[in-house]
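Below: one structure, written as structure tokens.
The values are calculated or read from the model by the stated rules, or taken from the named source; none is laboratory data. Keep in mind the model is a prediction, meaning the values are calculated, not measured. All Cβ positions, even for glycine, are placed from backbone atoms using ideal geometry, and neighbour counts span all protein chains on display. Note: areas computed on protein heavy atoms with side chains; ligands, DNA, RNA excluded. Shrake-Rupley method; radii C 1.70, N 1.55, O 1.52, S 1.80 Å.
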Amino acid sequence: MYALEINNLKKVYKGGVEALKGIDLTVKEGDFFALLGPNGAGKSTTIGVLSSLVNKTSGQVKVFNHDIDNSLDKAKSYIGLVPQEFNFNQFETVQQIVVNQAGYYGVERKIALQRSEVYLKQTDLWEKRNSPARNLSGGMKRRLMIARAMMHQPKLLILDEPTAGVDIEIRRSMWKFLTDINKSGVTIILTTHYLEEAESLCRNIAIIDKGKIIENTSMKQLLGKL
Ligand code: ADP
Ligand code: ADP
């Protein structure tokens, strides 16, 4: 079973920027997959299309076999998204943010509270549960975004540059719990421009540059070539 299948995906933004020039990509269920590329390569656009924040120009995208053109809601229910920007209400507490998120997906409040304990402990934020989000450090805010994305128990977790601007120690602790999440059966796709991050975490990798996939291989094979 594929968690994700992308066929000939194209995106031309208004104004004419060809951000994606016909991308093909498959990610197997259970994989830990990196989309690696320099700034401007098309990583965020790809993730934007997957999460329906960006309208594709053409091509086909399937999430666990559900085509986003025909069954977008179903496809989205499988996805937990961690965007780059902190897009939560800074005045809400850590626990409110994650519990409310579960509410959007129709999770019962009692269950949401139970889950919030699991995911806030996993991301090492349980002690901070009653703090307003604005009081958190940058690394804590990133972890909050991940805990929030897990609250509807997605089968596919997609992270856009999850450790951008985070220092190396916190980055390592994030790698640890992302690995744990993957081991629990969740497929993970992340974008990064650090080869080291892809190397430490991922089994398979695609390299994107100027809107095209220029390499799509296992991490082992790629490292053999370098
Ligand atoms: P879509 O086709 O997905 O609706 P748009 O082409 O409407 O996307 O662009 C969304 C917004 O982002 C527009 O307001 C656009 O001006 C703005 N934008 C333009 N260039 C860039 C850029 N290089 N990076 C990020 N945002 C941009
Ligand atoms: P990456 O995430 O790899 O840095 P992006 O997907 O953000 O790359 O950008 C790919 C290309 O599309 C870049 O040339 C960028 O300037 C352009 N772009 C991104 N968002 C928009 C937008 N909303 N409107 C117009 N151009 C955009």
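Below is a table of values for the structure above.
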read-out: Over 18 Å [Cα-Cα, region 1-92], rounded percent; value: 47
read-out: Exceeding the 19 Å Cα-Cα cut-off - candidates LYS121/LYS176; LYS155/LYS210; LYS10/LYS212; LYS21/LYS56; LYS76/LYS121; LYS28/LYS176; value: LYS155/LYS210; LYS76/LYS121; LYS28/LYS176
read-out: Cα gyration tensor of the chain - equivalent ellipsoid semi-axes, whole Å, descending; value: 28, 20, 17
read-out: Within a Gaussian network of the chain (alpha carbon springs, distance under 10 Å), most fluctuating of GLU127, GLU18, GLU161; value: GLU127
read-out: Dipole axis of the chain (+1 Lys, Arg; -1 Asp, Glu on Cβ), positive-most option in ILE170, ASN7, GLN122; value: GLN122
read-out: Accessible surface of the chain [probe 1.4 Å, protein heavy atoms]: carbon and sulfur percent; value: 47
read-out: Segment MET1-GLN90, extension gain: residue separation times 0.36 nm, minus the distance between their alpha carbons; value: 28.2 nm
read-out: Cβ-derived FRET efficiency at R0 41 Å, SER52 paired with ASN130, nearest 0.05; value: 0.80
read-out: Assigned charges on the beta-carbon of Lys, Arg, Asp, Glu; region 102-226 dipole about Cα centre (debye); value: 380
read-out: Part-to-part distance (alpha-carbon centres) for region 62-113 and region 158-225, which is given in Å; value: 22
read-out: Listed residues SER116, SER52, SER44, most fluctuating in the chain (Gaussian network, C-alpha, under 10 Å); value: SER52
read-out: Sorted largest first, extent of region 55-113 alpha carbons per principal axis (Å); value: 40, 26, 12
read-out: Ratio Rg/Rh, restricted to region 77-211 and using Cα atoms, in which Rh is the Kirkwood radius; value: 0.96
read-out: Mean accessible surface per residue for region 76-171, computed with a 1.4 Å probe while every protein chain stays in place, in Å²; value: 48
